[in-house]
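A short write-up of the structure that comes next.
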Amino acid sequence: MNEYCIGVTGLNKYFGDHHAVRDFSLHIHKGEIHGFLGPNGSGKTTSIRMMCGLITPDSGTGYCLGKDIFRQRDEIKKCIGYMSQQFSMWGNLTIRENLLFMARLHNISQKAQSVDRILSELGLSSRQHQPAKTLSGGWKQRMALAACLVHQPQVLFLDEPTAGVDPHSRRDFWQILHQLSAQGISILVSTHYMDEAERCHRLAYLAYGDLLASGTAQSIIRQQNLTTLQIAGHGLSVLETQLRSSPGIEHTIIRGNVLNVTSRDKERLVASLSALVSEQHTISPVITSLEDAFSCLMISDANNKH
Ligand SMILES: Nc1ncnc2c1ncn2[C@@H]1O[C@H](COP(=O)(O)OP(=O)(O)OP(=O)(O)O)[C@@H](O)[C@H]1O
């Protein structure tokens, strides 16, 4: 995985007065699954669409598969697959008919063979004659992925492909993504699911137009230099409310019967806890999760801006 398939530097995008993406820079290796995370409206879709040539950045430089994202957008579109947030297949057509239509759009010479190959690869052969509108959410997404793959793209851009899909189908979907990655296809995928983030080779975390962190899940957690303590016992909801306004506490979350409290300042964290927890509570150190690290990133970014 040494070759870059995408490299962008200092990309900016405005929608009217709104600065939707600020100085966005990222390099993505061939065959890598790169996750995009961040709150709603943070610029994930806009960044993805700039990198794949669907919209033109207002400034910056960038290449996708060696082609300039400003000047060679039509050529980029021929080599990539893009799955948008909206399901955009024809409901009255079968899976096979939808894929044949996509093959025609891409002007593929051996349409039937290409469609057979992709149906087989994605485990859709037995359902190929089923109308798209009768498919469940998970199968619809799998068909949409198949439609992106008919013309054998080298890069896939997937915008929240598994939103609203059940965990079992999401797992199957991600198994396919890893198979595609193993074949050398690079995948950029936006998601709000932490389990999916953990399945990516590398991640980019955006908040309100800014790229706040990028790297592997482990490196992003490590860079934040956070300490998380876990409290078990009674009255966790009241304790959480008190801790939220205590000095040095950056993030709190109740997970079932335990309360996790995270901070960059270990001494102040311990001092705040000592002032509030009782003998009935037990406290133990735990590994900071990716979700906690992202929450802390977002909170400190918001504090810095205000
Ligand atoms: N075509 C557009 N015209 C005007 N504003 C837009 C347009 N597209 C996006 N925006 C705005 O730009 C910002 C970033 O939007 P974007 O869709 O990239 O965020 P996102 O991180 O993908 O959000 P979500 O997780 O909700 O999909 C938002 O404030 C959005 O309202």
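The values are calculated or read from the model by the stated rules, or taken from the named source; none is laboratory data. A quick note: this is a predicted structure, and the numbers were derived from the prediction, not measured. Glycine also receives a Cβ, built like all others from the backbone with ideal geometry; neighbour counts cover every protein chain displayed. Heavy atoms of the whole protein, side chains included, go into the accessibility calculation; ligands, DNA and RNA do not. Shrake-Rupley method; radii C 1.70, N 1.55, O 1.52, S 1.80 Å.
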Under a 5 Å amide H to amide H cut-off, with H placed in plane at 1.01 Å, what residues pair with Ala20 once short-range neighbours are removed?
Lys13, Tyr14, Phe15
Hits among aspartates and glutamates - C-alpha to C-alpha of Lys67 under 13 Å, sequence gap 8 or more where chains match
Glu75
Once phi for every residue in the range 184-193 is put through the Karplus expression 6.51 cos²θ - 1.76 cosθ + 1.60 (θ = phi - 60°), the whole-Hz ³J(HN,Hα) values, with Gly and Pro written as x, are x, 7, 8, 10, 10, 9, 9, 7, 9, 8
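In a shell of Cβ-Cβ distance under 15 Å around Gly91, excluding Gly91 itself, what net charge do Lys and Arg (+1) and Asp and Glu (-1) give? The partial results should precede the final answer.
Numbers: positive: Arg96, Arg127, Lys133, Lys140; negative: Glu97.
Local net charge: +3.
Order Arg22, Arg171 by their accessible area, 1.4 angstrom probe, all chains in place, largest first. Kindly include the intermediate steps, with their values, before the conclusion.
On the way: Arg22 75, Arg171 150 Å².
From most exposed to least exposed: Arg171, Arg22.
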Just from the alpha-carbon atoms, what are the Rg and Dmax of the range 139-203 in angstroms?
11.1, 31
Give me the base-10 log of I(q)/I(0) for the range 1-153 at each q in 0.09, 0.12 Å⁻¹, Debye formula, one uniform scatterer per Cα, rounded to two decimals.
-0.35, -0.60
Pair Asn40, His18: separation of 7 Å Cα→Cβ label points (nm)
1.2
Alpha-carbon Rg with Dmax, taken over the range 227-287, Å
10.0, 26
Write down the accessible area per residue of the chain in Å², having rolled a 1.4 Å probe over the full set of protein chains.
48
Which one of Ser42, Gly209, Phe70 has its Cα pushed farthest toward the positive end of the charge dipole of the range 4-220, where Lys and Arg give +1 and Asp and Glu give -1 at the Cβ?
Phe70
Taking Cα atoms, the helix 111-121 axis meets the longest principal axis of the chain at an angle in degrees (rounded to 10) of 30
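Given a cut-off of 29 Å, name the pairs among Lys44/Lys111; Lys44/Lys77; Lys30/Lys77; Lys13/Lys77 whose C-alpha atoms lie farther apart than that in the structure shown.
Details: Lys44/Lys111 33 Å; Lys44/Lys77 19 Å; Lys30/Lys77 17 Å; Lys13/Lys77 20 Å.
Listed pairs above 29 Å: Lys44/Lys111.
Which order do Asp68, Asp166 take when ranked by solvent-accessible area (1.4 Å probe, heavy atoms of all protein chains), largest first? If you can, show how the numbers build up before the last one.
Numbers: Asp68 15, Asp166 75 Å².
Largest to smallest exposure gives the sequence Asp166, Asp68.
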A 1.4 Å probe over the protein heavy atoms gives the chain a carbon and sulfur accessible-area percentage of 49
Rounded to two decimals, what ratio of Rg to Rh does the chain give with C-alpha atoms and a Kirkwood Rh?
1.05
Along the range 158-169, what does the Karplus equation 6.51 cos²θ - 1.76 cosθ + 1.60 (θ = phi - 60°) give for ³J(HN,Hα), rounded to whole Hz, x for Gly and Pro?
10, 9, 6, x, 10, 4, x, 9, 5, x, 5, 5
Can you list the HN-Hα couplings for the range 174-181, worked out from phi with the Karplus curve (6.51, -1.76, 1.60; θ = phi - 60°), rounded to whole Hz and with x for Gly and Pro?
6, 5, 5, 4, 5, 5, 5, 4
Long-range amide H partners of Thr288, meaning residues 5 or more apart or on another chain whose placed amide H is closer than 5 Å, are Thr228
List the residues, sorted by chain then number, that are 5 or more residues from Ile33 or on another chain and whose placed amide H is less than 5 Å from its amide H.
Ile187, His201, Arg202
Quick one: helix 137-149 against the long Cα principal axis of the chain, what's the angle to the nearest 10°, folded into 0 to 90?
60
